[in-house]
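The values are calculated or read from the model by the stated rules, or taken from the named source; none is laboratory data. Not measured: the values here are computed from a predicted model. In this analysis, Cβ positions are derived from the backbone assuming ideal geometry, glycine residues included, and neighbour counts consider all displayed protein chains. Each accessible area value is taken on the protein alone, full model and side chains, heavy atoms only, with ligands, DNA and RNA left out. Shrake-Rupley method; radii C 1.70, N 1.55, O 1.52, S 1.80 Å.
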Amino acid sequence: MDKRKADEIITQYLQKIYGFAVKKSFSYEEAEELSAEITVEVYTSLLNLDDISNIEGYIWRISEHVYSKYVALKKKHQGVSIDNMVFP
């Protein structure tokens, strides 16, 4: 897909992506971080593809995937301190 078309799609879905991130997050900072990660993933994916028949479904599929990776990463680092002592 060409850059102009990918830019249009990102612009069209940016508010919906942010809304998805707000629903899944516990703070606005976390929502901004998650929506940025989703946007980057969607944008790079769009640039590598020629044509997508269901763009909305494609974007939500990527959003769910990025969210699951985000949660797994947060869970992995939860409770670990700097000096490698684990706290509950």
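Points to keep in mind about this one:
- Binning all Cα-Cα separations of the chain at 5 Å, short to long from zero, yields these whole-percent fractions: 3, 14, 23, 20, 14, 11, 7, 4, 3, 2, 0.
- HN-Hα J in Hz across segment 58-66 - Karplus 6.51, -1.76, 1.60, θ = phi - 60°, x for Gly and Pro: 5, 5, 5, 5, 5, 4, 5, 5, 5
- Residues of the chain: accessible area per residue with a 1.4 Å probe, Å²: 74 Å²
- Positive-end extreme of charge dipole, segment 1-53 - chosen from 53, 17, 1 (charges on Cβ): 53
- Rounded to 0.05, the FRET efficiency of the residue 55 and residue 32 pair, given R0 = 35 Å and the Cβ-Cβ distance, is 0.90.
- Loop sites in segment 1-83: chymotrypsin sites (Phe, Trp or Tyr not before Pro), DSSP, at most 15 other Cβ within 10 Å: 26
- Computed over protein heavy atoms with a 1.4 Å probe, the carbon and sulfur contribution to the accessible area of the chain reaches 56%.
- Taking the longest Cα principal axis of the chain as reference, the axis of helix 3-24 is set at about 40 degrees.
- In the chain, a dipole from Cβ-located charges (positive for Lys and Arg, negative for Asp and Glu) runs towards its positive end, and of 44, 28, 68 it is 68 whose Cα lies farthest in that direction.
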